[in-house]
Amino acid sequence: MKFKKRIICLIVVLILSVLPIAAVTANQGIQSYNQVDTLDRDANIDDEIVVIYQNQGTIKDLGLTTNQIEAGEKLGDQVDILKVKDSNQVDTLVSELLENPNVLVAQKNTYLKLTTLPNDEFLSQAWQFEGIGADQTWDQVNNKETIVVAVIDSGLNINHPDIVGKTTTGYDFVTGQTETVDVIGHGTAMSGYIAAVANNEIGIAGVTGIADIIIAPYRVGGKTEDDYNVDLGYACAALYAAANRPEVRVINMSFAGDEVSPVLENAVAYAASKGKILVAAAGNDGNDPVTGGNIEIPSAYDNVLSVGAIDQDNVIADFSQHNEMVDFCAPGVDALTLWGADEYISGSGTSAASPLVAGACAVLVAADVTITPAEVEAILKDTAIDLGETGRDNYYGDGLIQLDQALAQVTPKERLTVADFSTNVLTGQPINTPIVLNAVASGGTGAYSYAFSYDLNGESTMIQDFSKADTVTFIPKVPGIYRFMVEVKDADHEVAQADIINYVIEAPIIMTYRTQVQNIGWLPIMTNGEVSGTAGESLRLEAIELHANASDYDIGVRYKTQVENNGWQDFVENGALSGTVGESLHLEAIKIELTGADTDLFDIYYQVHIQNIGWLDWAKNGEPAGTEGYGYRMEGIRIQAVLKGSDAPGNVASPYVKK
């Protein structure tokens with residue numbers, strides 16, 4: 001394996017220009033991306049605009065025309081990239097989009113640049129873990145709930161032997177695929193700091209140790225080995241994508257820049273609103289005579305932890321950016337991590353310090369999945385080693401994080417969940433049947449209280465408001481397909497929910513029927529899906545009588561049969577005979593329909609057994625069941641009424657065969 005020493009960072013390079021816009025012609029309005037070209041991922045992005053929608057929007061909401069837009073791509077529910085036809089119109093079109101009520105923010109696309117400065121190759125110890133106390137915590141957290149850290153960077157080599165098994169699905173915005181690659185190596189290095197496999201007798205260990213913490217890589221740039229450009233639109237889309245994943249708790253952003261970016265700021269704010277812990281590099285321009293001390297993004301945004309870099313002597317690195325937004329510092333000089341296919345690198349930069357803090361945050365979350373971003377920041381602040389000037393300063397922030405001390409302040413808790421939610425009887429009960437709902441909660445803090453409710457036809461009704469009772473009895477008075485719901489609240493007022501869906505309460509409709517069978521005569525009355533007739537005895541059905549019994553509903557039934565040599569008979573109703581008696585003619589098919597004012601509440605299914613074929617599929621609500629043109633006899637039938645929208649009793653594809 002090779003060892004390299006490099007300074008690793010991401011720098012935002014914003015490219016701005018100003019442009020007038022053409023008039024919009026109504027008959028050229030763009031309704032979908034099918035009307036324009038697909039965005040060329042290899043093209044220059046100078047003429048592109050990043051659009052973030054207020055809600056889940058589409059290009060048709062933008063009021064644009066094919067005269068204005070050459071190509072485009074939807075990167076997510078709220079993020080699009082548009083390529084403008086006329087480069088002289090970009091800025092004015094941005095201004096127009098900002099006036100669109102469907103648009104949260106729009107900005108000319110920008111480049112972020114991944115830069116590395118090569119140095120001598122050498123073998124270095126991974127001193128950074130001892131520096132932040134991770135050597136004391138690597139085997140202390142055995143969490144049940146997997147914690148995911150989203151690394152928004154140049155991708156990840158998921159086959160590096162020291163990261164295998166520590167990743168989950170992310171997204172490669174460069175290729176448009178879910179499986180990411182990393183041709184530059186920067187993203188692999190950042191992921192190694194966080195989650196390199198611990199205790200596997202090779203390489204290094206990530207700051208997260210053996211805790212169940214894995215990486216979701218988002219590739220937002222680095223198309224070739226010498227291409228360090230990163231698409232800002234992709235970065236925004238990655239933030240939205242990671243923010244919308246509940247299992248993602250921490251997001252690392254090892255890039256920095258000193259220009260204004262409203263789209264990035266809004267994407268960061270969205271992720272913060274979803275409860276994510278956001279960590280970013282403070283920047284590597286600390287020793288620049290012009291930009292040293294400047295505010296940089298995204299580390300300067302609200303709800304982002306800004307991280308500076310120190311060396312092995314706990315001295316701030318000369319390149320580490322310093323400003324009033326720096327929150328913490330962490331090792332970022334000669335810090336060993338993963339590189340390439342199976343290599344390691346001793347990297348330097350605030351981009352190296354950032355994932356160490358991100359990993360530490362993930363460890364605290366793994367220990368207590370209920371912990372909030374604000375609580376994580378407060379614990380890190382309370383336990384950090386104060387360096388530099390006494391108290392907070394613009395170089396070290398609140399100091400060097402100490403994961404072992406921070407972890408000691410976390411009381412391990414499990415997330416409040418509903419471990420079980422069940423009924424005492426299976427679905428399909430008739431009305432007025434007592435249904436006992438029982439819930440079992442786990443995790444959380446203190447005593448639980450339970451609230452039970454149900455949803456029927458889109459309306460929710462409370463069965464029992466919050467109380468200590470974990471069981472409630474509900475007696476349904478109306479048939480339908482119910483959704484039962486429970487909410488559990490703990491002493492900290494955290495709430496967990498669970499539901500039981502598609503629970504059918506049936507109406508008391510009893511279908512009764514009997515059949516006249518060759519050589520036997522009338523058989524006894526059968527009900528609700530029972531077989532009337534014979535199967536395998538070569539005896540024909542000659543007639544049928546049918547009733548629908550429903551005391552609480554206005555329901556009747558009508559039916560007609562197809563008789564040998566006579567064809568279809570007229571409909572008869574409610575117990576009348578359909579077919580023939582004493583004429584030695586067999587039935588070949590049947591149609592059955594419900595009648596009455598409440599027919600919209602129920603479906604009626606029926607299935608027939610046919611000579612030489614056997615049981616056909618189920619027919620429904622007046623469809624023919626049987627055969628026509630073959631002369632085959634009906635030999636048996638079963639009939640069942642169910643609540644409207646309930647599952648069919650069986651297959652329904654082929655209830656009727658016609659020659």
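The values are calculated or read from the model by the stated rules, or taken from the named source; none is laboratory data. Just so we're clear, the structure is a prediction, and the values are computed from it rather than from any experiment. Here the Cβ is made from the backbone with ideal geometry for all residues, glycine too, and neighbour counts use every protein chain on show. Remember, those area values only see protein heavy atoms, side chains included, never the ligands or the DNA or RNA. Shrake-Rupley method; radii C 1.70, N 1.55, O 1.52, S 1.80 Å.
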Leading residue by the ranking (nearest to Glu506 (Cα to Cα)) among those in region 648-659 that are more than 39 Å from the chain's Cα centre (by Cα) and assigned to a loop (DSSP other than H, G, I, E, B): Pro655
Would you tally the residues in region 374-422 being closer than 30 Å to Ile500 by Cβ, modelled with pLDDT under 95 and acidic (Asp, Glu)? 1
I need the full set of residues from region 143-185 which are open to solvent by less than 40 Å² (accessible area, probe 1.4 Å), among the β-branched types (Val, Ile, Thr) and part of a loop (DSSP other than H, G, I, E, B), in order please. Ile163, Val174, Thr180, Ile184
Pairs only if they're at least six apart or on different chains, beta carbon under 7 angstrom, first in region 379-391 and within 18 Å of Val410 (Cβ to Cβ), second of a type in the set (Val, Ile, Thr) and open to solvent by less than 20 Å² (accessible area, probe 1.4 Å); list them, first residue then second. Ile379/Val410; Leu380/Ile401; Ala384/Ile401
Filtered residue count, region 561-584, keeping only those that are open to solvent by less than 40 Å² (accessible area, probe 1.4 Å) and without any contact (Cβ under 8 Å) to a residue 12 or more places away in the chain: 1
Is it true that some residue in region 219-230 is hydrophobic (A, V, I, L, M, F, W, C), closer than 29 Å to Val376 by Cα and touching a helix residue (DSSP H, G or I) at 6+ places or on another chain (Cβ under 7 Å)? yes
Which residue, of Tyr193, Tyr234, Tyr240, Tyr218, is open to solvent by less than 20 Å² (accessible area, probe 1.4 Å), within 17 Å of Val363 (Cα to Cα) and either modelled with pLDDT of 90 or more or in a helix (DSSP H, G or I) (or both)? Tyr193
Would a scan of region 156-169 turn up a residue that is more than 28 Å from Asn244 (Cβ to Cβ), touching a residue at least 60 places away in the same chain (Cβ under 8 Å) and more than 24 Å from the chain's Cα centre (by Cα)? yes
Give the residues of region 586-618 that are touching a Gly at 6+ places or on another chain (Cβ under 9 Å), assigned to a strand (DSSP E or B) and farther than 14 Å from Gly636 by Cβ, sorted by residue number. Lys591, Ile592, Glu593, Leu594, Thr595, Asp603, Ile604, Tyr605
Of the residues in region 435-459, those that are modelled with pLDDT under 95 and open to solvent by 30 Å² or more (accessible area, probe 1.4 Å) number 7
Return yes when Arg558 is touching a Leu at 6+ places or on another chain (Cβ under 7 Å), open to solvent by 40 Å² or more (accessible area, probe 1.4 Å), over 30 Å from Gly443 (Cα atoms) and of a type in the set (D, E, K, R) and no when it is not. no
Looking at region 478-493, can you tell me whether even one residue there is more than 30 Å from Val642 (Cα to Cα), modelled with pLDDT under 95 and in contact with a strand residue (DSSP E or B) (Cβ under 7 Å, 6 or more places away or on another chain)? no
Among residues of region 263-284 being more than 21 Å from Asp212 (Cβ to Cβ) and β-branched (Val, Ile, Thr), the residue surrounded by the fewest Cβ atoms within 10 Å (Cβ to Cβ) is Val263
Which one is nearest to His547 (Cα to Cα) among residues in region 632-647 that are open to solvent by 40 Å² or more (accessible area, probe 1.4 Å) and not in a strand (DSSP E or B)? Lys644
Tally the residues that are assigned to a loop (DSSP other than H, G, I, E, B) and either on the phi > 0 side of the Ramachandran plot or surrounded by fewer than 17 Cβ atoms within 10 Å (Cβ to Cβ) (or both), restricting the search to region 378-391. 5
Evaluate region 398-415: report whether one residue or more is open to solvent by 50 Å² or more (accessible area, probe 1.4 Å) and closer than 22 Å to Val504 by Cβ. no
When region 13-41 is examined, which residues are found to be over 20 Å from Thr92 (Cβ atoms), modelled with pLDDT under 75 and of a type outside the set (A, V, I, L, M, F, W, C)? Asn27
Looking at (1) open to solvent by less than 10 Å² (accessible area, probe 1.4 Å); (2) in a loop (DSSP other than H, G, I, E, B), find the lone condition where Thr188 falls short. (2)
Which members of region 460-500 meet the condition of being β-branched (Val, Ile, Thr) and open to solvent by 20 Å² or more (accessible area, probe 1.4 Å)? Thr461, Ile463, Thr471, Thr473, Ile475, Val478, Ile481, Val495, Ile500
Conditions (1) open to solvent by 30 Å² or more (accessible area, probe 1.4 Å); (2) in contact with a helix residue (DSSP H, G or I) (Cβ under 8 Å, 6 or more places away or on another chain) -> Asp288 fails only (2)
Hits in region 124-142 - residues which are at pLDDT below 90, open to solvent by 20 Å² or more (accessible area, probe 1.4 Å) and not in a helix (DSSP H, G or I): Gln125, Ala126, Trp127, Trp138, Asp139, Asn142
Quick one: how many residues across region 307-329 are of a type in the set (D, E, K, R) and surrounded by 22 or more Cβ atoms within 10 Å (Cβ to Cβ)? 1
Tally, over region 244-262, of residues that are more than 19 Å from Ala282 (Cα to Cα) and crowded, with 24+ Cβ neighbours inside 10 Å: 1
Number of positions in region 506-546 that are touching a Lys or Arg at 6+ places or on another chain (Cβ under 9 Å) and closer than 30 Å to Ser467 by Cα: 0
